[in-house]
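This report concerns only the one structure given below.
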Amino acid sequence: MTGIQVTTYAVDPGMVYTEINRHFPIVHDYAIVRILYYYIRWPYTKEPWNGAQTTICCAVDSSLASESGKYYR
């Protein structure tokens, strides 16, 4: 398979709000911990749609085709 050009990117979407905290019993079981966890992480998190934009940009932006191996955040 010659002539195939592959580009690679290191993509960091940042901190994205997901339901991963359901796997942490201390956050799930105790209301005060859940409230504190929410208010501590809230200013730093993105919605999943916003977190996916970095990956989508690297996948579809043709201007990045010659920029293989770079880190995007």
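Where a number appears in this text, it was derived from the coordinates with a stated rule and is not lab data. Since we're looking at a predicted model, the values are computed, not measured. In this analysis, Cβ positions are derived from the backbone assuming ideal geometry, glycine residues included, and neighbour counts consider all displayed protein chains.
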Inset, instruction - Could you calculate the contour length gain from Y37 to S63, that is, 0.36 nm times the residue separation minus the distance between their Cα atoms, to one decimal place in nm? - result: 5.4 nm
Legend entry - Net charge contributed by nearby residues that have their C-beta within less than 15 Å of K70 (K/R +1, D/E -1): -2
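Going by how many other beta carbons lie within 10 Å of each one, how would you line up L64, L36, fewest first? Mind dumping the intermediate values first?
Working: L64 15, L36 12.
Arranged by neighbour count, lowest to highest, L64, L36 become L36, L64.
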Inset, instruction - Based on other C-beta atoms within 10 Å, arrange Y30, Y44 from fewest to most. - result: Y44, Y30
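With an 8 Å cut-off on Cα pairs and a minimum separation of 6 or more residues, tell me the relative contact order of the chain in percent.
Relative CO of the chain lands at 55 percent.
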Legend entry - Reference-scaled alpha-carbon Rg (2.2 N^0.38 Å with N residues) for the chain: 1.59
Inset, instruction - Could you list which residues have their amide H under 5 Å from that of Y72, counting only those 5 or more apart in sequence or on another chain, with H placed in the peptide plane? - result: A10, V11, D12
